[in-house]
Amino acid sequence: MRQFWRRWGLWVSLLCLLESALNGQVVTYTMTNNYLGVSMPSDTANFTVFTTRGDPANPFDDNLALNDPVETFWVLRFHDLPSIVGGVQPVTVRLQGAGGGAGPVTFRLNLVGPTPGSNNTQFITRWLIFTTPLQVEPALFVDREITLLGDAVEIRLRLTGNDNATRLISVGFVLDPGFNPLANPTQLTRGVFFTPGHPFFGGETELVTDLPPFWVHTPDPGTTDLSLRGTIVPPEGPTPRRVVFAFAPNLGLAAFGYGFDYRPDPFTSIFSDNAVGLYWDPVTVGPGVSREFVVVFGLNRAFGDYRRPYSLMVQSVPSLSVELGDDPFTPEVETAFVSPNPFPVTASVYNAGSQPLSGVNLTLTLPRGFTLAPGEVPTKSVPTVASNGEQQVTWQVRVDPMQVWEDPNIVTGRAELVVTADAPVGGIRQVRVPVLVPALPVRALAAGLYMLGFPFDFTNPEPAAALGLMPAEFLLARYDPVRQRYLIYRQDAELNRLERGRGYWLRLLTPHQTPGNPLRLQGILPVNLNEPVTVPIRQGWNQLSNPFPVAVLLGGVQVVQGTSVVSIPFDYAVQLGLLRSTLFVWRSDPTLPPFGGEYEALPASHDLLLQPWQGFWLFSTVDGALVFSPPTFVGTLQTRLARQRGQGTRDGEAERSLALADGWQIRLKAESASGRDTITWLGVSRKASGSLDLLDIPKPPPVPGGLWVASVFSSGRSSIPLSMDFRPPAPRIVWDLELVNPAGGEVQLRVDGLSQVPRSVALWLTDPETQQQWSLRSTPSITLVTRPDQPKRLQVIALQTDQRPLRVQGLRAVRLRGRGAYIEFAVTQPSQVTVQVRTLTGRVVWEKTMTATTDSRRRIFWDGQGAAPAPLPSSVPYLIVVQAVSEEGRRAQAHTLLR
């Protein structure tokens, strides 16, 4: 094998030298397709990806360089090379140009040009790696393959061992994106990075856990309408361990190991010049062993499955809107319909292979509520696709008008269409395409309680007239953050109209869910989806809703503080503390009495989809306004940012997950005849402070007449009820709880998440009124008795038990006049305690078991009787024994003589 590579490398080197001698100049290789091109000079092999047509519908985005060729490179880190001072040392090499190296590692360019037989769809570059100064044969061959995959390119690095050594090597890849003239690809381009689930990165950022599937880079407005997308989780091969978004020069410095050793500074701006670095875990490369690493990046214009030898691309579905009137293409009579209907779904097959691709079948799978237009079939065959060529197919798809009106809840919101390609060569490709279906002014609702918004304007916004209901058929309320109470329809004159962007409690007293009897809004006016909507907010809790009849991403919402004319992104307002980072929605569930639902907490993340008709709570620390961007923006860049993991983008149906990497948490769930409250979290985090901070989320107003439990934080003379209360680590932490049960009676309190709590932490619930105590580990479900509308005070106590041993202290027993005695003691750890009265011969005559914390001394009374019960002699001495067992099973005992 080594002989073969040596001869092959020598042959290629001679050809390269001959070519240079004959031409006397550098050769620049170029390959192109209908979207992109790649150029690569023969002297350095620094490549530039550029647009040929970019977006075919836009002639002004051609010939734009999408990367800085000097600041785009692979990095190799050798972990186990011998050091001149003994032991081993890491050596990091920036693999770029005709040759170079670091320490004992050197490399030189061996091969540059189109891959033989690729039909100019792939370039290959080979470097020879030497790990000792006197090495004759290369230790490693490193091949870089760049392949056109339609509107994206694949960049693949392959390491192959050539000598007898086995080495531990890490790989990194740095990309400096841009939108520059092709003649000047290295000039600076301002722009920002996004990833699903994260806001835009204004400062340097490192991601090491829960890595998103891809990143998106957008330039300054006015530069171009294009954006770039690159993989973090590749279509094949290992996933990087770490991703860094940083000021580009910082990832290009040898002092920082080209990013391997760089620790991002969140205060360093990356707007003017930014880059992304991907860094993989070390791999072993032995003799004849190859390791491959794959990166894909390109235009963010379609959804795609980009793999060799062919790619499947599906264009974004046109934005759907609501048209008022009767749909002329259906026999039914409607007052509003979805448009366009049908709409096109266009898929493309791009052949990156060297031979024609034939026999490709494409199948469109539709979710419930969608149908193919008459004459369409789900599976279509594409003609033979030439090498470096592309073939398209289009389906016409309808939002089923019958299902929209019979059960409008089926198709409103986000749905996914699935396109699957199957080819004899290359196998299966699959792409999921989101569709945002607008809400019509109709909704199927059972009798019950709902928190809603109404995303329409009305000719008559008076609630009964707009809802098309008699006043006796419903109850309506809206929270007033200034008065800090609910306004009730027909009781408070201020609640006399329905407004877009506001949230309301609607209680239907009769059902409106049968096929012929949904709730139909009356007198609606056309909605302009191209204009933003401004919704005022006040300090405190605001009951709001999506003002558009289509889903919008929270990341597209802007925030205005006070009377300022400048708006800032929602994410940034959260970082500044102007808004809290959690929204609360109402999840309807008819199986949950008495209101048919419960609150849910949703992280206010960039990719949170706000559905039409959905109401939500938002806490603001300032007066101001929310500016909802036109949802047509959502249909392009923002939708592609949506995380497609599991069931896809998070929305109002998702469950809150609060995983803390640096602490722990528990969740309290209360249930009674007055409903359920499951949105109280208590926890410990090193990021928390002793005062209110961004981790602490206030408690939203309760459902009218509903059960409510909160952690009460004292701040000066006021008390602030919290839904999420996180404290810094301490030996002893006390959370004060307040529970209000309007109906009175029993409340079942359950604690979830105890497995997260370290075994060294003891958790106790105490009732100061009754002096009862419960160990939450042994009793995670507790029944409490409450009085109607009377707050019940409780405490949750967390004690660090590994800081001192278990002891029973201060034991004493004092006889009382007449019979009996009181017994006092204290324990140093929360424990299950048994108190015994024994005769001097050791026989137990009386015993009592209880729980005890370290809060105070415990005093119990012995009435002087035995277990019979029968009075025992009071003139003889007894032995008092106190035995304590901690939650970890530790034991301690103390005894004293009762004379």
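The values are calculated or read from the model by the stated rules, or taken from the named source; none is laboratory data. Just so it is clear, the structure is predicted and the values come from calculations on it, not from any experiment. Methodologically, a virtual Cβ is constructed for each residue, glycine included, from the backbone with ideal geometry; neighbour enumeration extends over all protein chains shown. Areas reflect the complete protein model, heavy atoms only, side chains present, ligands, DNA and RNA absent. Shrake-Rupley method; radii C 1.70, N 1.55, O 1.52, S 1.80 Å.
For the residues 895, 606, a 1.4 Å probe over the protein chains yields an accessible-area ranking, largest first, of 895, 606.
How far is helix 2-23 tilted, in degrees, relative to the longest principal axis of the Cα atoms in the chain, given as a value from 0 to 90 rounded to the nearest 10? With both axes taken from Cα atoms, the answer is about 60 degrees. Solvent exposure of residue 462, expressed as accessible area, is near 60 Å², computed with a probe of 1.4 Å over the protein chains only. Give the shape of the range 216-293 as rounded, prolate or oblate, defined through the alpha-carbon gyration tensor: a ≥ b ≥ c are the square roots of its eigenvalues, a/c under 1.5 means rounded, and otherwise the shape is prolate if a/b is larger than b/c and oblate if not. Taking the square roots of the gyration eigenvalues as a ≥ b ≥ c, the range 216-293 is oblate.
Most tightly packed first, judged by the mean number of other beta-carbon atoms within 10 Å of their residues, the peptides 260-268, 156-164 read 156-164, 260-268. Averaged per residue, the chain has 41 square angstrom of accessible surface, using a 1.4 angstrom probe with ligands and nucleic acids left out.
Sort the following peptides by mean Cβ neighbour count (other Cβ atoms within 10 Å, averaged over residues), highest first: 697-706, 242-251.
Listed from highest to lowest mean packing, they are 242-251, 697-706.
When you restrict to C-alpha pairs under 8 Å that are six or more residues apart and normalise by the size of the range 68-148, the relative contact order lands at 19 percent. Magnitude of the charge dipole for the chain, about its Cα centre and with charges confined to Cβ atoms of Lys, Arg (+1) and Asp, Glu (-1), is about 4040 debye.
If you take all other residues with their beta carbon under 11 Å from the beta carbon of residue 767, and give Lys and Arg +1 and Asp and Glu -1, the sum is +1.
Work through the residues other than residue 864 whose Cβ is under 13 Å from its Cβ and net out their charges, Lys, Arg +1 and Asp, Glu -1.
+2
In 5 Å bins starting at zero, report the fraction of Cα pairs in the range 655-783 per bin as a rounded %. The percentages, shortest bin first, are 2, 9, 20, 24, 22, 15, 7, 1, 0.
Computed per residue of the chain from DSSP H runs no shorter than four, each worth -39500 (n - 2.57), the mean residue ellipticity at 222 nm is -1500 deg cm²/dmol. What is the percent of Cα-Cα separations in the chain that go past 42 Å? Value for the chain: 50 percent of Cα pairs lie more than 42 Å apart.
As a size descriptor, the averaged projected area of the C-alpha convex hull of the range 712-804 was calculated at 7.1 nm². With the convex hull drawn around the C-alpha atoms of the range 189-228, the volume per residue stands at 78 Å³.
For the range 663-703, the relative contact order is 34 percent, taking Cα pairs closer than 8 Å that sit 6 or more residues apart in sequence and dividing their mean separation by the residue count. If you take all other residues with their beta carbon under 15 Å from the beta carbon of residue 307, and give Lys and Arg +1 and Asp and Glu -1, the sum is -4.
Given axes a ≥ b ≥ c from the Cα gyration tensor, I'd like to know whether the range 241-382 is rounded (a/c under 1.5), prolate (a/b larger than b/c) or oblate. Because a/c hits 1.5 or more and a/b fails to exceed b/c, the range 241-382 counts as oblate.
Taking a ≥ b ≥ c as the square roots of the eigenvalues of the alpha carbon gyration tensor, the range 68-179 is prolate, as a/c is not under 1.5 and a/b beats b/c. Less than 5 angstrom separates the built amide H of residue 334 from those of 327, all sequence-distant by 5 or more or on a different chain. Ranked by the mean number of other Cβ atoms within 10 Å of their residues, highest first, the peptides 475-483, 281-289 come out as 475-483, 281-289. Per-residue accessible area (protein heavy atoms, 1.4 Å probe) orders 350, 572 as 572, 350, starting from the largest.
In the chain, Cα pairs under 8 Å separated by at least six residues give a relative contact order of 6 percent.
For the range 429-495, the alpha carbon convex hull comes to 169 Å³ per residue, rounded to a whole number.
For the range 225-266, the dipole from Cβ point charges (+1 on Lys and Arg, -1 on Asp and Glu) about the Cα centre works out to 120 debye, to the nearest 20.
Where does the Debye-calculated log10 I(q)/I(0) of the range 804-899 sit at q = 0.12, 0.13, 0.15 Å⁻¹, using only Cα point scatterers of equal weight, no solvent? Summing over Cα pairs of the range 804-899 leads to -0.36, -0.42, -0.55. Expressed per residue, the C-alpha convex hull volume of the range 740-882 stands at 149 Å³.
With R₀ set to 60 Å, the beta-carbon distance separating residue 717 from residue 136 gives a calculated FRET efficiency near 0.15. Leaving ligands, DNA and RNA out of it, report the carbon-plus-sulfur percent of the accessible area of the chain at a 1.4 Å probe. Answer for the chain is 53 percent, counting heavy atoms of protein chains only.
Farthest towards the positive end of the charge dipole of the range 294-440, among the residues 342, 358, 309, is the Cα of 309, using unit charges on the Cβ of Lys, Arg, Asp and Glu.
In order along the range 611-627, the phi-based Karplus estimate (6.51 cos²θ - 1.76 cosθ + 1.60, θ = phi - 60°) of 3J(HN,Hα) comes to 7, x, 6, 8, x, 7, 9, 9, 9, 10, 8, 9, 7, x, 7, 9, 10 Hz; Gly and Pro are listed as x. For the range 516-642, the dipole from Cβ point charges (+1 on Lys and Arg, -1 on Asp and Glu) about the Cα centre works out to 120 debye, to the nearest 20. Counting pairs of Cα atoms in the range 150-202, how many percent are more than 14 Å apart? In whole percent, the share of Cα-Cα pairs in the range 150-202 beyond 14 Å is 75. Tell me, what is the FRET efficiency for residue 493 and residue 472 to the nearest 0.05, using R0 = 25 angstrom and their Cβ-Cβ distance as r? Efficiency for this residue pair is about 0.85.
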